[in-house]
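Okay, so here's the structure we're looking at.
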Amino acid sequence: MSIQDELLTLALKIATDAGRLLVDRPASWDLTFKSSAIDIATQMDIASEKLIVNAILSARPDDGIIGEEGAAIDSRSGYTWVIDPVDGTVNYFYGLPGWNISIAVKDELGSVVGVVHAPTINSTWHATRGGGAFLNSLPISCNDPVELNRALLGTGFAYDVADRANQLDLIQYFLPRIRDIRRAGAAATDLCFVASGILDAYVETGLKEWDLAAGALIASEAGAHVTTTPWRGMELTVAAGKHLYDVIHAELPA
């Protein structure tokens, strides 16, 4: 078994185990407020990260870890796990579908393995660098070419309310020019929707490494272009097939 296959097998098992933990929703909530009053973590985010970290260290004690809820371990092996134990916490808290467990492994060149497990929609995406992308073990590819006026666009909104005015400018500009917009509420799921052809494109500002590490690899391996570049003092992520990606970047409001 190659190192990529070994890492993928472990990541898939850990994500599935975390999903089983999370679908057993608690009767009451302990909330932690992070960057703002609307940026929350629940006790289940913390429990999921603990499960994931313990499983990684049990199997691969020399690997590094970066976790949204604070896990931070330097790598001694050259591999670092980047984990979002509940991507889409607001969805999870409200009982909405689409939240996921996002797990990636990176080396000095970037993500090597990506797994996004969304149990409420019966979807598990995975990819390895150079090995293609898969949904529930079936190969997937993004939609390309897609014209802007036929595009179904996914997006999300920042926890920093001050950034939402700029995000609304994006929506105001693109909405009259596209087929429609969807807002699923979980960045890694949205990136995987692009990979699967469920969305034609995805744009959002302010994503963190744990939001992107797995989903961006999966979308890229499915043929999408995925970049994060400066825009109005923020970091703007765009994911789409090449033709639509080029059009969106050309059309971005200044």
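If ASN54 passes every condition in (1) in the same structural domain as LEU7 (by TED's automatic domain parsing); (2) within 19 Å of ALA214 (Cα to Cα); (3) at pLDDT 95 or above but one, which one does it miss?
Every listed condition holds for ASN54 apart from (2).
Is there a residue in the stretch 9-23 that is of a type in the set (Val, Ile, Thr) and closer than 18 Å to ASP107 by Cα?
yes
Can you pull out the residues in the stretch 186-196 that are over 12 Å from the mean Cα position of the chain (by Cα) and within 22 Å of LEU252 (Cα to Cα)? Before you say what the answer is, go through the steps one by one.
Our first condition is that a residue be over 12 Å from the mean Cα position of the chain (by Cα); within the stretch 186-196, this holds for 196.
Listed by number, the list is empty, since nothing qualifies.
Right, ARG164: surrounded by 12 or more Cβ atoms within 10 Å (Cβ to Cβ), free of Cβ contacts under 8 Å to residues at least 24 places away in the same chain and either more than 29 Å from VAL113 (Cβ to Cβ) or in contact with a Leu (Cβ under 7 Å, 6 or more places away or on another chain) (or both) or not? Please lay out each step first, then the result.
Details: surrounded by 12 or more Cβ atoms within 10 Å (Cβ to Cβ): yes; free of Cβ contacts under 8 Å to residues at least 24 places away in the same chain: yes; either more than 29 Å from VAL113 (Cβ to Cβ) or in contact with a Leu (Cβ under 7 Å, 6 or more places away or on another chain) (or both): yes.
Yes: the conditions hold for ARG164.
Which one of these is under 14 Å from the mean Cα position of the chain (by Cα) and surrounded by fewer than 22 Cβ atoms within 10 Å (Cβ to Cβ): GLY98, GLY132?
On inspection, the qualifying residue turns out to be GLY98.
Which fully enclosed strands (runs of 3 or more DSSP E) of the stretch 1-111 have 1 or more residues being closer than 25 Å to ALA127 by Cβ, free of Cβ contacts under 8 Å to residues at least 24 places away in the same chain and among the aliphatic types (A, V, I, L, M)?
In the stretch 1-111, 64-67 are the strands (runs of 3 or more DSSP E) which contain 1 or more residues that are closer than 25 Å to ALA127 by Cβ, free of Cβ contacts under 8 Å to residues at least 24 places away in the same chain and among the aliphatic types (A, V, I, L, M).
Being touching a residue at least 40 places away in the same chain (Cβ under 8 Å), among the β-branched types (Val, Ile, Thr), part of a helix (DSSP H, G or I) and over 22 Å from TRP81 (Cα atoms): is that true of VAL194 here?
yes
Is it the case, given these coordinates, that VAL247 is in contact with a Cys (Cβ under 7 Å, 6 or more places away or on another chain) and either of a type in the set (Phe, Trp, Tyr) or part of a helix (DSSP H, G or I) (or both)?
Working: in contact with a Cys (Cβ under 7 Å, 6 or more places away or on another chain): no; either of a type in the set (Phe, Trp, Tyr) or part of a helix (DSSP H, G or I) (or both): yes.
So VAL247 does not fit the description; no.
What are the residues in the stretch 133-190 that are outside any strand (DSSP E or B), charged (D, E, K, R) and under 30 Å from SER35 (Cβ atoms), if any?
Selection gives ASP160, ASP163, ARG164, ASP169, ARG183, ASP190.
For the stretch 77-89, check the following and say yes or no: at least one residue is of a type in the set (Asp, Glu) and more than 22 Å from TYR202 (Cα to Cα). Give the derivation first.
Taking the stretch 77-89 as the starting set, the residues that turn out to be of a type in the set (Asp, Glu) are 84, 87.
Cutting the leftovers down to more than 22 Å from TYR202 (Cα to Cα) gives us none.
Within the stretch 77-89, not a single residue is of a type in the set (Asp, Glu) and more than 22 Å from TYR202 (Cα to Cα).
Within the stretch 221-254, restricting attention to residues that are surrounded by 23 or more Cβ atoms within 10 Å (Cβ to Cβ) and of a type outside the set (A, V, I, L, M), which residue is nearest to LEU152 (Cα to Cα)?
Taking the candidates together, the pick is GLY241.
From the list ASP63, ASP84, exactly one residue is over 23 Å from VAL194 (Cα atoms) and modelled with pLDDT of 95 or more. Which is it?
On the way: ASP84 fails: over 23 Å from VAL194 (Cα atoms).
The unique qualifying residue is ASP63.
The values are calculated or read from the model by the stated rules, or taken from the named source; none is laboratory data. Keep in mind it's a predicted model, so treat the numbers as computed, not measured. Counting neighbours? That spans all protein chains shown, and the Cβs are built from the backbone with ideal geometry, glycine included.
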